[in-house]
Amino acid sequence: MSTDRFRDLSNTALAGRLGVPRVPLLRRYEPGQALLPGPALVTSVGAGRFAKPIAALVEESGQHVVDEVGDQKLAAVVVDLTAAVALDDLAAARAILTPAVRKLAPSGRLLLLGPEPAEASARSGVEAAATAQALDGLVRTIAKELRAGATANLLVVAADAPPAAVDSSVRFFLSARSAYVDGQVVRVGVPVGSPRDPAAMDSPTAPEKPLAGRVAVVTGAARGIGAAIADTLARDGATLVVVDVPAAGENLAKVANRTGGTALQLDITAVDAPERLVAHLTQRHGRVDLLVHNAGITRDKLLANMDPDRWNAVLNVNLRAQLRITEALLADGTLLQDGSRIVCVSSQSGIGGNRGQANYVASKAGIIGMVRALAPVVAERGVTINAVAPGFIETEMTARMPVGTREAGRRVNSLRQGGLPVDVAETIGWLGQAESGGVNGHVVRVCGQSMLGA
Amino acid sequence: MQSTPRRAAVIGGNRIPFARANGRYARASNLDMLTTTLDGLVARFGLAGERLGEVVAGAVLKHSRDFNLTREAVLGSRLAPSTPAYDVQQACGTGLEAAILVANKIALGQIESGVAGGVDTASDAPIAVNEDLRKVLVAINGAKTVQQRLKLLAKLRPGQIVPDIPRNSEPRTGLSMGEHAAITAKEWGVSREAQDELAAASHRNLAAAYERGFLDDLVTPYLGLTRDDNLRPDSSVEKLAKLGPVFGKQLGDEATMTAGNSTPLTDGAALALLGSDEWAAEHKLPVLAHFVDAETAAVDYVHGRDGLLTAPVYAVPRLLERNGLTLQDFDFYEIHEAFASTVLATLKAWEDVEFAKDRLGLDAPLGPIDRSRLNVTGSSLAAGHPFAATGGRIVATLAKLVHEKGTGEGGRKARGLISICAAGGQGVVAILEAA
């Protein structure tokens, strides 16, 4: 992995005196870490039904909650705007947020909850819709204005979603696990599937081990982001089945042993790969609680020079294999159970396009199409499917980029740095929880609010 | 303990790709390779932190510091350190003999699970000091006074610097294994063409097995090597025919054994995972095959009429008789290809009426086998042959083959025969049956 020397230099005293803009060191999750390092402001505009449960959730984590801005630095600011219907409500939000952002601590968290514009419109009219949509732009702007590693995100909550539906998302966005997720708008609806893992029913879910008892399959797990996903899911309590091509088996075995999981050497593009995967999982586990489609390759060329081999290799690994494996697991009917989750790794370039990557971009955009199409289908079984779209992530791949391209990629986001593989992994860990059933058919960017494709 | 022995299950295996000597694994030690192979097995079957009944393995070429090689490998692996281990050594029969030991303990109910196999390196071979020098050094070590030591030191001579390098030859005949095999090949009239055909088939079959993903759950890459580097997928009888003889050269035009139809010196390790059916079920692991029976034979190749590598010729009829089987009752034959001529001479011996009567004491020969069932995913000629590793490779391969086939003729369980010849005139053979 490449190191961000500019970030390190920018944090020296000399750089400070010279006025070099500081690249913040992001707070990241470590086992045993409290949800928040300081007090949180939790409040609402109007009769929001989430402020109270969220305040309780924060207090339960051992942190102090305040309902107005004082002298103290705030680790988090949560404003429930789900009842906002008018421009006056926006003005009230402004009155809370202006002093609050000034008090936000480094790596602080600003989280807004708002209504769905379409629902607001149907229920309360056009002004309500405008108000709801205003929050979208507002949160993206706050994210751009915040400094020192603080982030701002918005949960758009469906009117019929019960308060507990947002819990796992609130925990994720308040904690250090969401370090590189910034300026995102995530829709939370009525939860799909059981919020509790059937295997973990007997023991209460420890906040330390939100994936306890869950069987997770990660493709492309021998290196890079895939290996980080495996490590992170194992840390959170999951039992891992790590998959990669036979040629990557040496590293794959290390990842499997490190995580206490098992290694499955399998070329996911092989004709019989879905069948072999299903047979293996049936024999060894009889279930899959979390399927992470991570395997991906690049074979870059300008479209003008693109040959069919490059095109097909990338499409087959990155998209066709995901389609076929998901289809096989659904056809099997027993492995994916009520509360199971599927997370696909897309890419920011799948949203915004990228010069020289027509094949890669097509595959990553295709994943988004697949996720949206499958979401209502799998929901009938209590299963969700979502995608994460990483932006510039520091990996062996980005370390090989030319310096200029790499520096540009790192800096064009609100956090002024590249993310780490673990940032993608944490996001997958959140979406992979049984408790995260309210998020379905969604694409969550892990990009530090990158300007690319935004 | 059970009154009737149960059958041990073969659950799977792991090996690293075999590398030609002084190549990719030139700097890897036996301990490195065995530990890595064990960790690959742990990863495949989720055994991290698990206490197994025992791990049994060995090496033919072994440094004295590796006196407790297998136990050291266990301690360096992800298995629970409370897993016992011991070394065995029976030349090329090491791996299979290890599997027999583990299978027997499982059958008797003494253990529930075990790993068996072996490792060998011809690159990192132990080089001993010259025997003359060794004697002086030992004496110096035992000397009590400075005077005695100085007197002994005066005995050191420049010639004693020449090291003692292990040789691939029989201590009692001074002949290399290849020369012994050449004698047997001549005796049985094994033709050059037949040997080259067998070698080409071995390469073809192993390459096809890799292509269809058969080795995906048998091999874990090591030090960047993803497939056996002795494998020549484009090998052919025509190409092999161009090679000059390397063994039995005194036969002149009648010499038939080349570098192409003999196994090269190779580095590598292979292990098989065995257990009781209950242990496998508890761990949600598949039972590929059961270990049915095994037999070891030895021949007097020094003074008697038998060839060095012909002991399996005797072992198999004894094994068949005990199990009420004929040589034709098998769906797969895994006959270790030390040399192509060894396999072919063995088959000829089983077909020979005189030999059956005079030497095996049988009324009729065992008869021919269906050659399409022989070494169907390649064998040592293609993969290479790190001596002690071959048994583990074959046990796991055959277990998978009978499992894939499921049933044989008449709906009986698919069955396979393993035959491995070894230095010292020994042969180890075994039967596996689909679960």
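The values are calculated or read from the model by the stated rules, or taken from the named source; none is laboratory data. No experiment lies behind these values; they were computed from the predicted model shown. No Cβ is skipped: glycine too gets one built from the backbone with ideal geometry, and neighbour counts run over all protein chains shown.
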Right, A:V242: at pLDDT 95 or above, in a helix (DSSP H, G or I) and at the interface with chain B (Cβ under 9 Å from one of its Cβ atoms) or not?
no
List the number of the failed condition for A:A313; all other conditions in (1) within 14 Å of chain B (Cβ to nearest Cβ); (2) surrounded by fewer than 18 Cβ atoms within 10 Å (Cβ to Cβ); (3) in contact with a Ser or Thr (Cβ under 9 Å, 6 or more places away or on another chain); (4) not polar (S, T, N, Q) hold.
(1)
Scan segment A:436-447 and tell me whether some residue there is of a type in the set (D, E, K, R) and within 23 Å of A:L155 (Cβ to Cβ).
yes
Between A:I325, A:I367, which is under 17 Å from the mean Cα position of the chain (by Cα) and buried (at least 21 other Cβ atoms within 10 Å of the Cβ)?
A:I367
Any chance segment A:116-135 includes a residue that's in contact with a helix residue (DSSP H, G or I) (Cβ under 8 Å, 6 or more places away or on another chain) and β-branched (V, I, T)?
yes
Selection from segment A:286-299 of residues under 26 Å from the mean Cα position of the chain (by Cα) and either of a type in the set (V, I, T) or at the interface with chain B (Cβ under 10 Å from one of its Cβ atoms) (or both) yields A:V288, A:V292, A:I297, A:T298
Mind listing whichever residues of segment B:54-85 are touching a Gly at 6+ places or on another chain (Cβ under 9 Å) and either within 12 Å of chain A (Cβ to nearest Cβ) or not β-branched (V, I, T) (or both)?
B:E54, B:A57, B:G58, B:A59, B:L69, B:R78, B:L79, B:A80, B:P84
Picking from B:E278, B:E282, the residue that is within 14 Å of chain A (Cβ to nearest Cβ) and acidic (D, E) would be B:E282
Within segment A:39-70, residues assigned to a loop (DSSP other than H, G, I, E, B) and within 22 Å of A:P210 (Cα to Cα) come out as A:F50, A:S61, A:G62, A:Q63
Take segment B:45-81 and flag every residue that is aliphatic (A, V, I, L, M) and more than 20 Å from A:N257 (Cα to Cα).
B:V56, B:A57, B:A59, B:V60, B:L61, B:L69
Among the residues that make up segment B:343-361, is at least one of them outside any helix (DSSP H, G or I), under 21 Å from the mean Cα position of the chain (by Cα) and surrounded by 14 or more Cβ atoms within 10 Å (Cβ to Cβ)?
no
Flagged in segment A:249-260 as more than 7 Å from every other protein chain (Cβ to nearest Cβ) and surrounded by fewer than 24 Cβ atoms within 10 Å (Cβ to Cβ), in numbering order, are A:N251, A:K254, A:R258
Have a look at A:A263, A:A279 and point out the one that is over 21 Å from the mean Cα position of the chain (by Cα), surrounded by 24 or more Cβ atoms within 10 Å (Cβ to Cβ) and either closer than 20 Å to B:L79 by Cα or more than 9 Å from every other protein chain (Cβ to nearest Cβ) (or both).
A:A263
Hey, does segment A:218-229 have a residue that's more than 11 Å from chain B (Cβ to nearest Cβ), modelled with pLDDT of 95 or more and either farther than 22 Å from A:Q348 by Cβ or in a strand (DSSP E or B) (or both)?
yes
Is one or more of the residues making up segment B:170-193 more than 14 Å from chain A (Cβ to nearest Cβ), surrounded by 15 or more Cβ atoms within 10 Å (Cβ to Cβ), under 30 Å from B:G13 (Cβ atoms) and modelled with pLDDT of 95 or more?
no
Out of B:I420, B:I369, report the one residue that is touching a helix residue (DSSP H, G or I) at 6+ places or on another chain (Cβ under 7 Å) and surrounded by 23 or more Cβ atoms within 10 Å (Cβ to Cβ).
B:I420
What tally of residues in segment A:1-38 results from selecting those that are among the basic types (K, R) and not in a helix (DSSP H, G or I)?
3
Residue in segment B:33-53 that is farthest from the other protein chains (Cβ to nearest Cβ), counting only those that are surrounded by fewer than 22 Cβ atoms within 10 Å (Cβ to Cβ) and under 14 Å from B:G275 (Cβ atoms):
B:G53
Does segment B:241-255 contain at least one residue that is among the basic types (K, R) and either touching a strand residue (DSSP E or B) at 6+ places or on another chain (Cβ under 8 Å) or within 14 Å of chain A (Cβ to nearest Cβ) (or both)?
no
Check A:V77, A:V101, A:V139, A:V85 and return the single one that is part of a loop (DSSP other than H, G, I, E, B) and assigned by TED's automatic domain parsing to the domain that holds A:F50.
A:V85
Go through the residues of segment A:267-275 one by one and say whether even a single one is among the acidic types (D, E), over 20 Å from the mean Cα position of the chain (by Cα), over 25 Å from B:I16 (Cα atoms) and in the same structural domain as A:R381 (by TED's automatic domain parsing).
yes
Which of the helices (runs of 4 or more DSSP H) found entirely inside segment A:340-451 contain at least 1 residues meeting this: touching a strand residue (DSSP E or B) at 6+ places or on another chain (Cβ under 8 Å)?
A:348-352, A:358-379, A:421-431
Checking A:A270 against (1) within 15 Å of A:R223 (Cα to Cα); (2) surrounded by fewer than 24 Cβ atoms within 10 Å (Cβ to Cβ); (3) within 7 Å of chain B (Cβ to nearest Cβ): exactly one of these is not met. Which one?
(1)
Does A:T232 fit the bill of being more than 12 Å from chain B (Cβ to nearest Cβ), modelled with pLDDT under 95 and touching a helix residue (DSSP H, G or I) at 6+ places or on another chain (Cβ under 6 Å)?
no
Taking segment B:210-233 as the region of interest, how many residues are away from chain A (no Cβ under 14 Å) and without any contact (Cβ under 8 Å) to a residue 24 or more places away in the chain?
0
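For every residue, the table says whether it meets (1) within 25 Å of B:A270 (Cα to Cα); (2) in a loop (DSSP other than H, G, I, E, B).
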{"residue": "B:E72", "(1), (2)": "yes, no"}
{"residue": "B:A103", "(1), (2)": "yes, no"}
{"residue": "B:I106", "(1), (2)": "yes, no"}
{"residue": "B:A125", "(1), (2)": "yes, yes"}
{"residue": "B:L133", "(1), (2)": "no, no"}
{"residue": "B:L137", "(1), (2)": "no, no"}
Any residue at all in segment A:317-333 that is within 14 Å of chain B (Cβ to nearest Cβ) and not in a helix (DSSP H, G or I)?
no
So, first residue in the same structural domain as A:A263 (by TED's automatic domain parsing) in segment A:209-222, second residue of a type in the set (S, T, N, Q), Cβ within less than 6 Å, six or more apart or across chains; the pairs are A:P210/A:Q433; A:V215/A:T239; A:V218/A:N294; A:T219/A:N294; A:G220/A:N294; A:A222/A:N251
Quick test for you: out of B:A154, B:A200, pick the one residue that is surrounded by fewer than 16 Cβ atoms within 10 Å (Cβ to Cβ) and free of Cβ contacts under 8 Å to residues at least 60 places away in the same chain.
B:A154
